[in-house]
Amino acid sequence: MAVLLAAGDGCDAVIQSGETEFLLPIHDDFQAHVLPPPPDELARLQRALARGRPGRLVLQVEVRDGEDRLAARFTGRYVAQRD
């Protein structure tokens, strides 16, 4: 999971909220790609975790169909916390 990679070892993460926008029907194979978050948002997540507080990160995911057309977008707000 991208949030755990950003947060580092010893963290748990959950989806706090999420929203999906469907743009095209998907009938066959598809691929989902996580877009890289801005560096300042990653730094804010890591600072919060270093202080022993939960960190939050919003991630965008693009879903593309077999013809590489954008078929859906997912936006998820994740919360990570050290074990």
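How large is ³J(HN,Hα) for each residue in the stretch 59-67, as worked out from phi by the Karplus curve 6.51 cos²θ - 1.76 cosθ + 1.60 (θ = phi - 60°), to whole Hz, x for Gly and Pro?
After applying 6.51 cos²θ - 1.76 cosθ + 1.60, I find 10, 10, 10, 9, 10, 10, 7, x, 9 Hz.
With only alpha-carbon pairs counted, each pair once and no self-pairs, how large is the Kirkwood hydrodynamic radius of the stretch 25-81 in angstroms?
Its Kirkwood hydrodynamic radius stands at 12.8 Å.
Taken together, the values in this text are just the output of simple stated rules run on the coordinates, not laboratory data. All of these numbers come straight from a predicted model, not from anything done at the bench.
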